[in-house]
Amino acid sequence: MGQLGPLATGLTGRAVIVTDTNVAPLYADAAVAALAGAGVAADVIDLPAGEASKCLTVYGEVMDRLLALKPAIDRGCLIVALGGGVVGDLAGFVAATALRGLDFINVPTTLLAAVDSSVGGKTGLDAAAGKNLIGAFHQPRAVLIDAATLGTLPAAELGNGLAECVKHGVIRDASLLDLIESSAAAIESADADVLADLIARNVAIKAAVVAADERESGQRAHLNFGHTIGHAIEAAGGFGGLSHGQAVSLGMVAAFSIAVGRKLVSQSDADRVRGILAALSLPVSFADTPSLPGEARQAGHLQEIMAHDKKARGGVVRFILPTSLGSVDIFDDVTADEVAAAVAALG
Ligand code: NAD
Ligand code: ZN
């Protein structure tokens, strides 16, 4: 956290830290102190923890609190997003839109935010019509990741990030899978050194994919591996269903089973990835998710949700399937029967 000061050096305006009610008591004082050490005064705005805050109402409240600060903020003001993906997305969107654009620094404090949401410049909010439908691309001036902050993260939240790490290995780098496989126990116990290494490897992968395709016209779609069926399971699960990482874990297992059926990868590759997910305490079959409602296990219901997904173009559901460990391709011709078989294979 101490490095936040040097990153803000030379700032002409003041800093405003946007955080949530879980993270504020843990890390807001350290962030304020780091900025003060660089001669930068900081205010703190906190919002209720949780996805429900990523909405127009809370956005409006944060914006009003920001614009009511005395003395008034100007274009030299720096927004610091201190928290998980919810805070990063919302504070980034505030930064993109307040006074037509302020600088911001993202300080992710969840593994998911560190390896996924803080890289790529997407900011935004959920709408009544669906998640992430309001937003802007707004790149932060810097992303500061302090792996020590992950020590306080609940295990389930760590799992959300780990699912994305496995995804990155599958789509780009088999040696990342080796690393995760050999250090699963240290990762699960949030060993800061191991996590720092893991995060650096994952940020490099996500950054390279995004840099090659910032506006999502081509290979950025590879990041959707495991998310086609995964999102449908997450949505069908409804309130009290699965976390994003759990749903994506099942989605990756299902995508592997379609790929094995097409002889794109071997059964032993699929088994290996399944074993890595299981070692990270992520679900690999419906037997691992007893609370998931029955309809979230039905292929027909999941397919209906997939066809209405914003990523489905003209009703065509796009699948990202592995072609080896470390590479994937885009497939627009996956049939309903293949999806049904893959969902059935989840148990
Ligand atoms: P989150 O921000 O809700 O954080 C999860 C929980 O952990 C919250 O309760 C939070 O208060 C708590 N928390 C955060 N840091 C903590 C810490 N160090 N110690 C203890 N508790 C801590 O959720 P998330 O999983 O970080 O992010 C999910 C969001 O990210 C979703 O809204 C999703 O849409 C978004 N997302 C965005 C992108 C993007 O490209 N912008 C990509 C992926 C996901
Ligand atoms: Zn995801």
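Of the residues that make up region 88-104, is at least one within 16 Å of ligand 2 (Cβ to nearest atom), at pLDDT 95 or above, touching a strand residue (DSSP E or B) at 6+ places or on another chain (Cβ under 6 Å) and closer than 17 Å to LEU56 by Cα? Yes; the residues of region 88-104 include at least one that is within 16 Å of ligand 2 (Cβ to nearest atom), at pLDDT 95 or above, touching a strand residue (DSSP E or B) at 6+ places or on another chain (Cβ under 6 Å) and closer than 17 Å to LEU56 by Cα.
Is it true that ILE180 is away from ligand 2 (no atom under 15 Å from the Cβ), among the β-branched types (Val, Ile, Thr) and within 21 Å of VAL328 (Cα to Cα)? Give the derivation first.
Working: away from ligand 2 (no atom under 15 Å from the Cβ): yes; among the β-branched types (Val, Ile, Thr): yes; within 21 Å of VAL328 (Cα to Cα): yes.
So ILE180 passes the test.
Only residues that are touching a Lys or Arg at 6+ places or on another chain (Cβ under 7 Å) and either open to solvent by 70 Å² or more (accessible area, probe 1.4 Å) or within 13 Å of ligand 2 (Cβ to nearest atom) (or both) were counted across region 157-177, and they come to 1. When the residues of region 19-35 are narrowed to those that are open to solvent by 50 Å² or more (accessible area, probe 1.4 Å) and part of a loop (DSSP other than H, G, I, E, B), which ends up nearest to ligand 2 (Cβ to nearest atom)? Looking at the filtered set, the residue picked out is ASN22. Against the conditions (1) open to solvent by 50 Å² or more (accessible area, probe 1.4 Å); (2) of a type in the set (D, E, K, R); (3) not in a loop (DSSP other than H, G, I, E, B), ASP269 satisfies every one except (1). Taken as a whole, the structure places VAL316 among residues that are assigned by TED's automatic domain parsing to the domain that holds VAL265, open to solvent by 30 Å² or more (accessible area, probe 1.4 Å), over 22 Å from the mean Cα position of the chain (by Cα) and among the β-branched types (Val, Ile, Thr). Among the residues of region 36-87, those that are open to solvent by 60 Å² or more (accessible area, probe 1.4 Å) and within 21 Å of HIS244 (Cα to Cα) comprise PRO48, GLU51, ALA52. When you scan region 210-219, do you find a residue that is open to solvent by 10 Å² or more (accessible area, probe 1.4 Å) and at pLDDT 95 or above, even just one? No, region 210-219 contains no residue that is open to solvent by 10 Å² or more (accessible area, probe 1.4 Å) and at pLDDT 95 or above.
Quick one: would you say LEU90 is more than 16 Å from ligand 1 (Cβ to nearest atom), under 16 Å from GLN139 (Cα atoms) and buried (at least 19 other Cβ atoms within 10 Å of the Cβ)? No, not satisfied. Only residues that are within 25 Å of VAL16 (Cβ to Cβ), within 14 Å of ligand 2 (Cβ to nearest atom) and open to solvent by 10 Å² or more (accessible area, probe 1.4 Å) were counted in region 105-156, giving 7. Condition (residue is part of a helix (DSSP H, G or I), touching a helix residue (DSSP H, G or I) at 6+ places or on another chain (Cβ under 9 Å) and within 22 Å of GLY161 (Cα to Cα)) applied to region 279-286: is it met by at least one residue? Taking every residue of region 279-286 in turn, at least one turns out to be part of a helix (DSSP H, G or I), touching a helix residue (DSSP H, G or I) at 6+ places or on another chain (Cβ under 9 Å) and within 22 Å of GLY161 (Cα to Cα).
Going by what's in this entry, would LYS310 be described as on the phi > 0 side of the Ramachandran plot and out of contact with any Asp or Glu (no Cβ under 9 Å at 6 or more places or on another chain)?
Values: on the phi > 0 side of the Ramachandran plot: no; out of contact with any Asp or Glu (no Cβ under 9 Å at 6 or more places or on another chain): yes.
Answer is no for this residue.
The values are calculated or read from the model by the stated rules, or taken from the named source; none is laboratory data. As the structure is a computational prediction, the values presented were derived from the model and not from experiment. Every residue, glycine among them, receives a Cβ derived from its backbone with ideal geometry; neighbour counts consider all protein chains shown. Ligands, DNA and RNA are stripped out before the accessible areas are found, and what is left, the full protein with its side chains, is counted by its heavy atoms. Shrake-Rupley method; radii C 1.70, N 1.55, O 1.52, S 1.80 Å.
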